[in-house]
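A.B. asks: So that we are looking at the same thing, I have put the structure below in structure tokens.
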């Protein structure tokens, strides 16, 4: 048989590609449920890590079942809001947003040709008072995503965990692998009233006297990972801006003069009665 | 067992080791040898990919059109790698390791050992021998991976397979060992040891 004949070559390559494609499609379909279950458990452990229920390494020691159980136990309520902060629907049971679902919402937030509807933004409130919201965006090589938790005041970041598909190991991958980078977020206060909600800056974020990052909306970027840092910055800005109205409404009103939380009824604009009282 | 078969199996393990003698697959051996667990999963994956791709291509060897044989090899190897990746993702025990190895499982496709053995051996030999050759080369690669990972995890984290070995004696893990350059230094040492045992490898 002449295997170098043109017709034979075309038929042979077509056949082998079709067979391989069919096999891979079949395997991918039959393993999908198992993979989704693993991904769901992973998403849950990332959310729990951002809400400070232990480090990611410790949470990874739990089995899938234990992760799901811990989530059911610790979740206070979960719901979906629109960009105006109105609750659209409750999330019942263990209904978390996997990176795939976040990708869809990312298109909806950003608009453009891939938009399929109005953004539906998930909010997860845990029993320790922390509110977890996701972020999603583009790194250098592929998607990056993560979960940021806010303390009970709905203004201060309580923790963060980020993951990526294919950032460079040792550089961009440090958004996931470097706990000290994630720890930088703790205690920072995003500025929900501006479009530039959060900044990951080159050359050093402002430091306070003790050398810790100042309480503002800036943290240090990762050296050698400019594109990943910028991608993460953009992802956080895009998503937290979409949540801005929710957090601005949720945070307790403050006296304009001193920034202290109001007690009881207070519009935040009125003259500080208690301030005057203190002066007297 | 006849001598030729014995040679097929034993040669890649020591005398013709893909990493230390042929110097193939260096990139992944620097990347995945931080922990024993990662190295073991990577080694098994390469053994499976190498063995079964060699078997399939050896079965097809008389039908493959000569002009597109590299493409056909690539399709089969890529299929095997995707299958391994999918299976690793499907089990709870291996999901975390698959995430840790991230792109390196996918990059088995570009591992020269796989294509090299198919081109050099599987296309000219019977399926049984080709399968053994693939497995043996994967094992030779995996053996070096495990030796490197043993030192890197022991000295870099003070553990083996995640179990504390040195830390309980107050050992302070050495961060240099975790970084890829140290794997290259270790590989160099292994090549040195092998060449001093096996004098015929030394250049005049």
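A.B. asks: I need a count of the residues in region A:192-226 that are out of contact with any strand residue (DSSP E or B) (no Cβ under 9 Å at 6 or more places or on another chain) and either under 26 Å from residue A:250 (Cβ atoms) or surrounded by 14 or more Cβ atoms within 10 Å (Cβ to Cβ) (or both).
C.D. replies: Selection size over region A:192-226: 9.
A.B. asks: Considering (1) touching a helix residue (DSSP H, G or I) at 6+ places or on another chain (Cβ under 7 Å); (2) part of a helix (DSSP H, G or I); (3) surrounded by fewer than 18 Cβ atoms within 10 Å (Cβ to Cβ), say which one residue B:39 fails and leave the rest.
C.D. replies: The single condition residue B:39 does not satisfy is (3).
A.B. asks: Of the residues A:83, A:19, which single one is in contact with a strand residue (DSSP E or B) (Cβ under 8 Å, 6 or more places away or on another chain) and either without any contact (Cβ under 8 Å) to a residue 24 or more places away in the chain or more than 10 Å from every other protein chain (Cβ to nearest Cβ) (or both)?
C.D. replies: Exactly one residue qualifies, and that residue is A:83.
A.B. asks: Failed condition for residue B:112, given (1) surrounded by fewer than 19 Cβ atoms within 10 Å (Cβ to Cβ); (2) over 15 Å from residue B:36 (Cα atoms); (3) modelled with pLDDT of 90 or more, with all others met?
C.D. replies: (3)
A.B. asks: For region B:57-74, which positions are buried (at least 17 other Cβ atoms within 10 Å of the Cβ) and facing another protein chain (nearest Cβ under 10 Å)?
C.D. replies: Matches in region B:57-74: B:60, B:64, B:65, B:68, B:69, B:72.
A.B. asks: Next up: For region A:2-9, does any single residue satisfy the condition of being closer than 21 Å to residue A:103 by Cα and more than 10 Å from every other protein chain (Cβ to nearest Cβ)?
C.D. replies: Among the residues of region A:2-9, not one is closer than 21 Å to residue A:103 by Cα and more than 10 Å from every other protein chain (Cβ to nearest Cβ), which makes the answer no.
A.B. asks: Kindly check whether there is at least one residue in region A:138-160 that is touching a residue at least 60 places away in the same chain (Cβ under 8 Å), over 30 Å from residue B:179 (Cβ atoms), surrounded by fewer than 17 Cβ atoms within 10 Å (Cβ to Cβ) and touching a strand residue (DSSP E or B) at 6+ places or on another chain (Cβ under 9 Å).
C.D. replies: The answer is yes, given that some residue of region A:138-160 is touching a residue at least 60 places away in the same chain (Cβ under 8 Å), over 30 Å from residue B:179 (Cβ atoms), surrounded by fewer than 17 Cβ atoms within 10 Å (Cβ to Cβ) and touching a strand residue (DSSP E or B) at 6+ places or on another chain (Cβ under 9 Å).
A.B. asks: Tell me, which helices (runs of 4 or more DSSP H) wholly within region A:97-189 include 1 or more residues that are more than 16 Å from the chain's Cα centre (by Cα) and under 16 Å from residue A:49 (Cβ atoms)?
C.D. replies: In region A:97-189, the matching helices (runs of 4 or more DSSP H) lie at A:179-184.
A.B. asks: Kindly evaluate residue A:63 against the criterion of being facing chain B (nearest Cβ under 10 Å) and either touching a helix residue (DSSP H, G or I) at 6+ places or on another chain (Cβ under 8 Å) or over 22 Å from residue A:156 (Cα atoms) (or both).
C.D. replies: Against the criterion (facing chain B (nearest Cβ under 10 Å) and either touching a helix residue (DSSP H, G or I) at 6+ places or on another chain (Cβ under 8 Å) or over 22 Å from residue A:156 (Cα atoms) (or both)), residue A:63 qualifies.
A.B. asks: In this structure, is residue B:51 buried (at least 18 other Cβ atoms within 10 Å of the Cβ), more than 11 Å from every other protein chain (Cβ to nearest Cβ) and modelled with pLDDT under 85?
C.D. replies: no
A.B. asks: Find the residue count for region B:75-84, including only residues that are over 17 Å from the mean Cα position of the chain (by Cα) and more than 7 Å from every other protein chain (Cβ to nearest Cβ).
C.D. replies: 1
A.B. asks: Now for a different question. Has region A:37-47 got at least one residue that is more than 9 Å from every other protein chain (Cβ to nearest Cβ), in contact with a helix residue (DSSP H, G or I) (Cβ under 6 Å, 6 or more places away or on another chain), over 20 Å from residue B:98 (Cα atoms) and assigned to a helix (DSSP H, G or I)?
C.D. replies: Within region A:37-47, not a single residue is more than 9 Å from every other protein chain (Cβ to nearest Cβ), in contact with a helix residue (DSSP H, G or I) (Cβ under 6 Å, 6 or more places away or on another chain), over 20 Å from residue B:98 (Cα atoms) and assigned to a helix (DSSP H, G or I).
The values are calculated or read from the model by the stated rules, or taken from the named source; none is laboratory data. Computed from a prediction, not measured in an experiment: that's the story for all the values here. Methodologically, a virtual Cβ is constructed for each residue, glycine included, from the backbone with ideal geometry; neighbour enumeration extends over all protein chains shown.
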